[in-house]
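Just below is one structure, and these are the notes that go with it.
The values are calculated or read from the model by the stated rules, or taken from the named source; none is laboratory data. Predicted model, so just to flag it, every value in this text is computed and none were measured. Virtual Cβ from ideal backbone geometry, glycine too; neighbours counted across all protein chains shown. Just so you know, the surface numbers come from the protein's heavy atoms only, side chains and all, with ligands and any DNA or RNA stripped out. Shrake-Rupley method; radii C 1.70, N 1.55, O 1.52, S 1.80 Å.
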Amino acid sequence: MKYEPVIGLEVHVQLNTNTKIFCGCSTQFGSEPNAQTCPICLGMPGVLPALNREVVAKAIRTALATQCEVANVSRWARKNYFYPDLPKGYQISQFELPIAVNGKIEIIVDGRPKTIRIHRIHMEEDAGKLIHGENLGDPAHSYVDLNRTGVPLIEIVSEADMRSSEEAKAYLEKLKSILQYLGVSDCNMEEGSMRADANVSIRPVGQEKFGTRSEVKNMNSFRYLQKAVDYEIARQTEILDDGGRVVQETRLWDSTRNITLPMRSKEEAHDYRYFPEPDLPPLHVSNEWVEETAKSLPELPDAKRERFAADYGIPEYDAEVLTTDQKLAAYFEEVVKSGSDPKTASNWIMTEIMRVLKDRGVGIEQSPVTPKMLSDMLNMIKDGTISGKIAKDVFVEMETTGKGPQEVVREKGLVQITDEVAIGKQIEEIFAANPEQVAGYKAGKTKLIGFFVGEVMKATKGKANPALVNKILKEKLG
Amino acid sequence: MTDYSKETVASLARKLANGEASSVEIVKSSIERIKKVDPQVRAFLRVEENDALESAVMADKRLASGERGPLLGVPLAIKDNIVVENRITTCASRILENFKAPYSATVIKKLRAAGAVILGKTNMDEFAMGSSTENSAYGPTRNPWDTKAVPGGSSGGSAAAVAAGYCPASLGSDTGGSIRQPASLCGVVGLKPTYGRVSRFGLVAFASSLDQIGPFGRTVEDAALLMNAIGGYDPMDSTSVNMPLPDFSDSLKKDIKGLVVGLPKEYFIEGIDPEVQKVVRDAADRLAKEGARIEEISLPHTEYAISVYYVLATAEASSNLERYDGVRYGYRSKNGADLSSMYTHTRTEGFGAEVKRRIMLGTYALSSGYYDAYYLKAQKVRTLIVNDFKDAFKKCRIILTPTAPTPAFDIGEKANNPLQMYLSDIFTISTNLAGVPGISIPGGFSSGGRPIGVQMMAGHFDEDSLFAAAAAYERLRDTSIAHRSPNL
């Protein structure tokens with residue numbers, strides 16, 4: 001039978017506030033275990049939470065950027081469970097009345113736009129981390145690091161609107177892009193500042209009722225998300241095709257074996273006993289606060305993409321790629337503002353620059369080739385100082401040495417030869433050395449033109465203007 | 001050595017101010033009396049003698065430099081669920097045996113700033129769960145008026161410390177009557193302020209939406225002086241209310257002519273001890289003679305208060321007490337072979353029977369499938385009780401009731417009957433549910449010589465009226481009351 005996958009994502013995002021959600025401890029990543037703790041986040045007897053307003057501000061920004069309705073009154077709730085990384089024995093979260101509901105995000109898959117609805121966004125505190133002694137040469141003990149305890153999180157819950165792993169990946173990428181534009185999170189999946197759980201089910205094509213879902217956790221990259229979803233779709237399809245029934249359960253993605261495995265039932269048999277947090281009053285958000293926040297939002301990816309396509313006349317695809325990352329988009333605009341042709345700039349950024357960034361594993365802000373270097377080089381192509389082919393060499397030199405294009409061209413003597421007399425003389429020498437090929441060409445083997453162009457380029461170390469070489473060759477060969 | 005056991009905060013402050021006494025003398029006298037008398041009463045879990053003397057020396061220096069203040073140099077006792085930095089706080093539980101708090105409660109910081117001397121920590125029902133101070137892992141406290149009797153609870157140690165003359169005042173906490181009921185049973189004044197008036201930061205939580213720290217004293221004036229020191233907004237407690245704190249000493253002399261005092265008919269029911277009833281009726285008569293207008297009022301949902309309380313308080317407690325898991329601090333059982341059994345053994349061995357009973361009740365009330373029937377229903381009825389009080393305070397300024405249905409009962413009398421014990425708080429629980437302030441003032445004695453208190457309540461943040469009415473009653477009551485003291 002043919003099945004249709006139904007996918008929803010629950011995404012946890014660490015907000016990049018300076019201090020924790022309910023105390024004044026720093027949120028910096030990577031310090032000594034338990035160095036960033038105080039009686040409050042340690043859950044000592046008698047402590048009380050005091051809300052960090054910045055967390056609410058960032059949640060509201062996110063809510064508005066995803067077109068959610070911000071609640072004037074939301075409530076905190078306790079989620080109760082025992083685990084050593086949770087010192088109070090409960091997590092302060094939001095349950096019945098979250099900060100925002102009913103939003104949406106536009107995604108594009110295979111050139112087709114689609115709307116993914118957002119069910120809700122709520123705020124909560126993160127838990128700490130357990131470090132098992134095996135890694136410390138002490139297998140008999142587990143250690144608790146509570147630096148992360150109380151770091152602010154928002155959980156963004158989508159509707160089950162995605163129908164393929166590509167859509168799930170596109171949704172998560174778009175969400176990441178929006179969050180980075182807003183400056184509310186660094187969204188580092190490897191460091192865990194963005195974590196996605198997927199609810200996956202399948203149903204016969206044409207059926208309206210959802211199938212039984214599994215919840216898949218532990219995917220710490222976009223690639224793993226896509227793989228895990230695909231694995232689940234295949235696994236459930238096989239079960240149904242064999243006449244079985246999918247069990248509702250939580251499964252963990254195992255990235256070394258590329259499969260999902262059920263969590264031990266003991267770990268998921270939780271009754272969280274949610275109830276309103278009596279230590280915090282209901283959270284009131286005024287309309288003025290929402291309106292001011294709305295005014296302060298930056299241009300978001302969709303708007304920027306449309307503007308890039310309209311104003312710069314670049315293809316939709318280019319606009320999409322360039323605007324995924326706010327800094328990449330800014331880089332592009334800087335290059336174009338220096339007079340470069342938008343399409344040429346886009347081509348260079350999307351191929352050469354992005355290759356360099358990928359090789360080096362760095363972001364655009366650390367690109368060895370600055371916008372000024374790239375635009376200067378593009379201008380040198382435009383005014384004929386160098387050829388497009390030589391430009392590739394110039395680019396490599398700029399990348400490795402950090403020198404500007406003028407300097408590279410000067411030092412390496414890469415200025416294009418546009419002197420027709422000089423080129424003509426070179427061609428004559430090549431004709432003299434290759435009489436057979438000249439005869440062949442004249443006898444009709446016109447493809448040999450490529451051979452002559454190659455020889456000229458070889459002799460001039462690629463510096464001859466290719467257009468002139470072609471023109472003069474044709475004149476001389478008649 | 002001079003005997004300061006019958007002094008008040010105000011009288012000690014006068015003696016300290018005019019140089020009649022030094023803080024060190026007073027504190028030494030307190031400590032001596034505790035050493036002599038407390039083996040009979042057992043109000044204290046720990047006396048911090050060195051800390052107290054050090055604070056007294058400091059206070060004397062401040063006095064010598066000309067500083068004056070109503071608490072400067074005055075010894076106080078603190079219930080053992082209010083944390084003091086680097087000192088042990090057990091909540092009378094085995095699970096916090098030897099637990100040293102890494103910080104001080106806001107009220108402790110305020111008291112220290114005012115120059116008060118903290119003598120030590122007093123006994124209580126474990127985690128403030130109880131009405132007799134019998135549920136302490138460290139043994140019961142006895143009533144100074146009759147050591148066969150309970151002092152009430154859960155703040156029995158703090159009430160007994162004042163009644164026994166160790167210090168003129170102390171701090172307790174009140175979740176369902178835990179200040180007022182022991183005040184009544186020990187013949188002292190005890191105030192539960194409006195919810196949100198005093199910071200709870202550093203008060204080990206029992207039921208967060210009901211808990212409130214408050215003072216015990218020998219006089220209404222002393223209770224007012226302590227409230228002046230500990231009250232006010234605290235950014236560390238999001239449930240504390242940001243509004244100005246009046247000087248409650250000013251409330252004490254206010255005239256009560258024309259003050260409308262309501263007697264809720266639901267509080268004068270069958271089964272109430274006739275001697276208790278008589279004291280309250282007599283109080284109404286005396287207030288009326290002074291010009292107060294006594295009116296019968298109704299708090300129609302009173303009969304549901306205990307049920308509502310035991311759902312909500314236990315639900316919150318089941319969550320608040322989850323942190324005692326043996327992982328980071330406090331008691332950890334050595335019997336656990338893995339994480340889950342470590343939790344089970346630690347909590348089984350660390351908590352007493354009443355605490356476990358309430359954790360189970362509360363866990364049940366919050367469980368999926370039962371939440372709506374218990375927790376949610378109880379919240380709705382709580383709203384009805386809140387509205388009862390709002391309506392009542394449209395008709396009167398003060399509500400007058402008994403504090404407890406009986407004078408102090410004997411140790412062991414109700415220990416095996418939790419429901420009977422829960423009824424000890426029948427007149428005090430509603431104020432916690434409504435969040436309004438309540439005070440218990442000594443009003444008389446039973447034929448057996450055990451104290452009987454009178455309770456007054458007022459509207460939200462109207463401690464001003466409460467102190468005015470309480471102080472007026474204190475002036476009007478049988479003058480012999482103030483002159484009686486326990487025979488220890």
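For the stretch B:293-298, the Karplus equation 6.51 cos²θ - 1.76 cosθ + 1.60, evaluated at θ = phi - 60°, returns couplings of 9, 9, 9, 7, 10, 10 Hz by residue, with Gly and Pro reported as x.
Counts of other chain beta carbons within 10 angstrom of each beta carbon in peptide B:95-106 average 2. Of the trypsin sites (Lys or Arg not before Pro) found in the stretch A:194-272, the ones in coil according to DSSP and having at most 12 other Cβ atoms within 10 Å of their Cβ are A:209, A:245, A:257, A:264. Taking every protein chain into account, the 1.4 Å probe leaves residue B:485 with about 50 Å² of accessible area, to the nearest ten. Working from label points 7 Å from Cα in the Cα-to-Cβ sense, the residue A:289 to residue A:29 distance is 2.8 nm.
Ordering of A:352-359, B:29-36, B:76-83, B:399-406 by packing is B:76-83, B:399-406, B:29-36, A:352-359, highest average first (other Cβ atoms within 10 Å, averaged per residue). Think of chain A as having a plus end and a minus end, set by charges on the Cβ of Lys, Arg, Asp and Glu; of A:284, A:51, A:220, A:220 sits farthest toward the positive end of this dipole. Assuming charge only on the beta carbon of Lys and Arg (+1) and of Asp and Glu (-1), the dipole of the stretch B:353-412 about its Cα centre is about 260 debye to the nearest 20.
Sorted largest first by accessible area at a 1.4 angstrom probe radius, with every protein chain in place, the residues B:3, B:38 fall in the order B:3, B:38. Ranking A:101, A:119, A:454 by how far each Cα lies toward the positive end of the dipole of chain A (charges on Cβ) leaves A:454 at the top. Database remark: amide H of residue A:118 closer than 5 angstrom to the amide H of A:103, A:104, A:105, A:159 (H placed geometrically; neighbours at sequence offset of 5 or more, or on other chains; Pro and chain starts carry no H). Protein-only accessible surface at a 1.4 angstrom probe places the residues B:346, B:106, A:351 in the order A:351, B:106, B:346, largest first. In chain A, the portion of solvent-accessible area held by carbon and sulfur atoms comes to 51 percent [1.4 Å probe, whole percent, DNA, RNA and ligands not counted]. When peptides A:19-27, B:308-316, B:208-216, A:183-191 are sorted by average Cβ neighbour count within 10 Å, with the highest value leading, the order is B:208-216, B:308-316, A:19-27, A:183-191. Bridging of residue B:254 to aspartates and glutamates at a Cα separation below 19 Å is possible for B:221, B:222, B:285, B:290, B:462, B:463, B:464, B:474, once same-chain residues fewer than 8 apart are set aside. Could you tell me which of A:194, A:440, A:400 has its Cα farthest along the dipole of chain A towards the positive end, charges placed at Cβ (Lys, Arg +1; Asp, Glu -1), taken about the Cα centre? Comparing the listed Cα positions along the dipole, A:440 ranks first.
Quick one: net charge of residue B:40's neighbours, Cβ under 12 Å, K/R +1, D/E -1? Charge balance near residue B:40 sits at +4. Summary of the geometry: the stretch A:1-42 and the stretch A:253-323, compared by the centres of their Cα atoms, lie 13 Å apart. Buried surface for the A/B pair, taken as the accessible area of each chain alone minus that of the pair with a 1.4 Å probe, is close to 2900 Å² in total. Entry comment: accessible area of the stretch A:420-477 is 59 Å² per residue, from protein heavy atoms only and a probe of 1.4 Å. With R₀ set to 35 Å, the beta-carbon distance separating residue B:100 from residue A:191 gives a calculated FRET efficiency near 0.50. Residues whose amide H lies under 5 Å from that of residue B:48, counting only those 5 or more places away or on a different chain, are B:120, B:121; hydrogens are built 1.01 Å from N in the peptide plane.
Looking at the stretch A:85-169, which GluC sites (Glu not before Pro) are in a loop (DSSP not H, G, I, E or B) and have at most 14 other Cβ atoms within 10 Å? Of the GluC sites (Glu not before Pro), the ones in loops of the stretch A:85-169 whose Cβ has at most 14 other Cβ atoms within 10 Å are A:96.
Whole-Hz Karplus values for the stretch A:113-123 come out as x, 8, 9, 10, 7, 9, 6, 6, 10, 10, 9 Hz, taken residue by residue from phi with 6.51 cos²θ - 1.76 cosθ + 1.60 and θ = phi - 60°; glycine and proline positions read x.
Each part reduced to its alpha carbon centroid, the stretch A:345-371 and the stretch B:237-264 end up 70 Å apart.
Basic side chains Lys and Arg get +1 at the Cβ, acidic Asp and Glu get -1 at the Cβ, and with that the dipole of the protein assembly as shown about its Cα centre reaches some 400 debye. Per-residue Karplus couplings for the stretch A:415-427, computed as 6.51 cos²θ - 1.76 cosθ + 1.60 with θ equal to phi - 60°, are listed in order as 4, 5, 8, 10, 6, 5, 5, 5, 5, x, 5, 4, 4 Hz, Gly and Pro entered as x.
Over the residues of chain A, the helix contribution to mean residue ellipticity at 222 nm works out to -12000 deg cm²/dmol, using -39500 (n - 2.57) for each DSSP H run of at least 4. Taking Cα centre as origin and charging only the Cβ of basic (Lys, Arg, +1) and acidic (Asp, Glu, -1) residues, the dipole magnitude of chain A rounds to 1020 debye.
Rounded to the nearest 500, the helix-only mean residue ellipticity at 222 nm of chain B stands at -11500 deg cm²/dmol, with each DSSP H run of n ≥ 4 adding -39,500 (n - 2.57). Here's how it looks for residue A:100: its modeled amide H is under 5 Å from those of A:71, A:121, which are all 5 or more places away or on a different chain. In the complete set of protein chains, residue-level accessible area for residue A:263 is approximately 40 Å², probe 1.4 angstrom. Look at where the Cα atoms of the stretch A:406-420 and of the stretch A:49-103 average out, and the two centres are 61 Å apart. Specify whether the C-alpha gyration tensor of the stretch A:3-293 places it in the rounded, prolate or oblate class, a ≥ b ≥ c being the square roots of the eigenvalues: rounded for a/c under 1.5, otherwise prolate if a/b is larger than b/c and oblate if not. Verdict is oblate for the stretch A:3-293. Legend: mean number of C-beta atoms from other chains within 10 angstrom of residue C-beta atoms, peptide B:316-324, equals 6. Among the trypsin sites (Lys or Arg not before Pro) found in the stretch A:145-178, those both in a DSSP coil and sparsely packed, with 15 or fewer other Cβ atoms within 10 Å of their Cβ, are A:163.
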